[in-house]
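Note sheet for the following structure.
The values are calculated or read from the model by the stated rules, or taken from the named source; none is laboratory data. The structure displayed is predicted, hence computed values, not measured ones. We place every Cβ from the backbone using ideal geometry, glycine too, and count neighbours over all the protein chains shown. Only protein heavy atoms, including side chains, enter the accessible area calculation; ligands, DNA and RNA are left aside. Shrake-Rupley method; radii C 1.70, N 1.55, O 1.52, S 1.80 Å.
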Amino acid sequence: MRLLNPGPVTLSERVRRALLRPDLCHREPEFAELQARLRRGLEQVYGGSDHAAVLLTGSGTAAVEAMLGSLVDRSALVVANGVYGERMAAILDRQGKPCEVVRSAWTEPLDLAAVEARLERQRPGHVVAVHHETTTGRLNDLPGLGALCRRSGVPLLLDAVSSFGGAAIDLEAWNVEACAATANKCLHGVPGISFVLARRPALARRSASPSLYLDLMTHFREQERGSTPFTQAVHACHALDEALAEFAEAGGWRARAALYARRSALVARCGLAPYLPEGSSDILRAYRLPEPYGALHDRLKAAGFVIYAGQGDLQGEMFRVAVMGDLPEEELVRLAGLLRPPEELPRGGRKPAGAPDPR
Ligand SMILES: *Cc1c(COP(=O)(O)O)cnc(C)c1O
């Protein structure tokens, strides 16, 4: 089965085999070594900064929640245009932190003019945003938002869960105090491990975390000493270790971004209308539904592909195709053939799933 949902991804054989490595106690020096290597590997993905990686056992949301809970110590301005921006506002609300939201429609870019006006009026403690809004597959204008943060001196907290390793991230130019991400999206690991990259001085502050388990500072302090406060997902760490080796050998984030661009171009040959008129990423693209979602999903699943529904009200309008993970190009060519709108097929109706491309 080829997974076209935005994580977990289809594993390479190499990463899958890493799950069979010998059992390891998280209190033994072998685990300390593995953990240190993972942290170094993650810190090197975007290179040369004073950001330290903190590993967490949990999905991407755990990393986002730990980042917001531990680092937002005053107030936050959330800039949102989709499910994941709204989720960060909901997390801050649960944590009882003062939070204001600058919203735009889910089909629209971030409202940078409103952010700029807001920052001129009064500075929040942090600006909070999503890099790649997986709701629609929009790569948000972080160079633009980051420049506002840099200019106003307000640190940025970034949900980079579905972009880390697959798109450009400029930690310095965007004034990123911390970003949260996961092993099982663009890095092609297995679910279970997520992480936050945060500036060392920020991690030396007093933690603002209302949660004991998701206190980033506790994890950081222990990991710096070669330890971990709680049990880590050891097998997922082995898989991430292999996934990071594969990632580095293949040429890092630039090579991965180029790979996704080639893959998304192959899928776009299906000719379906893109859901976003502009601003789509190469990591995930949303298309207008040519038929009811359930029918399309089941037909593709029978042919070996799992596509992803729209969220909320978007379920009836669009579906999503993410191109992370182990996906041979010939499979994406086959997918584009299966997705081609019915009116483009020769007389006789829809060709059976998996049949050769009629063109
Ligand atoms: C996948 C994702 C998350 C986290 O989802 P989990 O299911 O908790 O891993 C957060 N933000 C974005 C933008 C995502 O794509």
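Over all alpha-carbon pairs in the stretch 235-326, figure out the percentage whose distance exceeds 16 Å.
62
Using alpha-carbon pairs under 8 Å, 6+ residues apart, how would you state the relative contact order of the chain in percent? If you can, show how the numbers build up before the last one.
On the way: 725 pairs, mean separation 84.9, N = 359.
Across the chain, relative contact order equals 24 percent.
Given Cβ point charges of +1 (Lys, Arg) and -1 (Asp, Glu) and nothing else, what value in debye, to the nearest 20, does the dipole of the chain about its Cα centre take?
With only Lys, Arg, Asp and Glu charged at Cβ, the dipole is about 220 debye.
Based on the Kirkwood radius over alpha-carbon pairs, what is the Stokes-Einstein translational diffusion coefficient of the stretch 1-124 at 37 °C with 0.692 mPa s viscosity, in µm²/s?
Rounded, D is 181 µm²/s.
Return a whole-number percent for the relative contact order of the stretch 1-148, with Cα pairs under 8 Å and 6 or more residues apart as the contact set.
19
At 0.36 nm per residue, minus the direct Cα-Cα distance, what do ARG206 and ALA117 gain on full extension? Give it in nm, one decimal, please.
29.0 nm
Given the protein chains as shown and a 1.4 Å probe, how many square angstrom of LYS301 are accessible, to the nearest 10?
100
For every helix of n ≥ 4 consecutive DSSP H residues, a contribution of -39,500 (n - 2.57) applies; sum these over the chain, divide by its total residues, and give [θ] at 222 nm rounded to the nearest 500 deg cm²/dmol.
Taken over the chain, the calculation gives -11500 deg cm²/dmol.
What figure, in Å² to the nearest 10, do you get for the accessible area of VAL54 with a 1.4 Å probe and non-protein molecules left out?
That residue has around 0 Å² of solvent-accessible surface.
Projecting each Cα onto the charge dipole of the chain (Lys/Arg +1, Asp/Glu -1 at the beta carbon, about the Cα centre), which of ALA239, ALA114, LEU11 comes out farthest on the positive side?
LEU11
Which one, SER49, SER163, SER280, has the greatest fluctuation when you compute a Gaussian network model over the chain with C-alpha springs under 10 angstrom?
The residue that fluctuates most here is SER49.
Which residue fluctuates the most in the chain, going by a Gaussian network model with Cα springs under 10 Å, if the choices are LEU158, LEU335, LEU296?
LEU296
At a Förster distance of 35 Å, what's the computed FRET efficiency of VAL333 paired with SER104, Cβ-Cβ distance as r, to 0.05?
For VAL333 and SER104, the calculated efficiency is 0.50.
Dipole of the chain (Lys/Arg Cβ +1, Asp/Glu Cβ -1, origin at the Cα centre): which of LEU68, GLN35, ALA248 lies farthest to the positive side?
ALA248
Ordering PHE230, PHE247 by how much accessible area each has at a 1.4 Å probe, largest first, what is the list?
PHE230, PHE247
With +1 on each Lys and Arg Cβ and -1 on each Asp and Glu Cβ, and nothing else charged, work out how big the dipole of the stretch 1-85 is about its Cα centre, in Debye to the nearest 20.
The dipole magnitude comes to about 340 debye.
Could you tell me whether the stretch 92-177 comes out rounded, prolate or oblate from its Cα gyration tensor? Rule is a ≥ b ≥ c as square roots of the eigenvalues, rounded for a/c under 1.5, then prolate if a/b exceeds b/c, otherwise oblate.
Details: a/c = 1.39, a/b = 1.23, b/c = 1.13.
Verdict is rounded for the stretch 92-177.
Let me check something: with ligands and nucleic acids excluded, how do THR57, THR135 order by accessible area (1.4 Å probe), largest to smallest? Kindly include the intermediate steps, with their values, before the conclusion.
On the way: THR57 35, THR135 0 Å².
My answer, sorted largest first, is THR57, THR135.
Counting only Cα, what are the radius of gyration and maximum Cα-Cα distance Dmax of the chain, in Å?
20.8, 69
Rounded to the nearest 10 Å², what accessible area does TRP253 show when all protein chains are kept and the probe is 1.4 Å?
Counting only protein heavy atoms, TRP253 exposes about 50 Å² to solvent.
Measuring from label point to label point, each 7 Å out along Cα→Cβ, what is the GLU291 to ALA168 span in nm?
Label-label distance for GLU291 and ALA168, simple model: 4.1 nm.
Hey, if we sort ARG320, ARG205 by accessible area with the 1.4 Å probe, largest down, what's the order?
ARG205, ARG320
Tell me, what is the per residue accessible area of the stretch 169-285 in Å², probe radius 1.4 Å?
Heavy-atom SASA per residue in the stretch 169-285 reads 38 Å².
For the chain, give the share of DSSP beta bridges that are antiparallel, in percent and rounded to the nearest 5; count only bridges with both residues there. All intermediate terms of the calculation are to be shown ahead of the outcome.
Numbers: 23 of 42 bridges.
Among the beta bridges of the chain, antiparallel pairing accounts for roughly 55 percent.
Pairs of alpha-carbon atoms within less than 8 angstrom and 6+ residues apart define the contacts here; what relative contact order does the stretch 208-322 have, in percent?
Relative contact order for the stretch 208-322 comes out at 16 percent.
With a 1.4 Å probe and all protein chains left in place, how much of the accessible area of the chain comes from carbon and sulfur atoms, in whole percent?
C and S atoms contribute 52 percent here.
Please identify the DSSP H helices in the chain that span no less than 20 Å along the helix axis (Cα) and have a mean Kyte-Doolittle hydropathy of 0.0 or more. Don't skip to the answer; put the middle values down first.
On the way: long enough: 29-44 (22 Å, -0.95); 234-250 (24 Å, 0.44); 252-268 (24 Å, 0.07).
Span-like helices here: 234-250, 252-268.
On a C-alpha basis, how far is the centre of the stretch 14-80 from the centre of the stretch 226-274 in Å? Whole number, if you could?
Here the answer is 15 Å between Cα centres.
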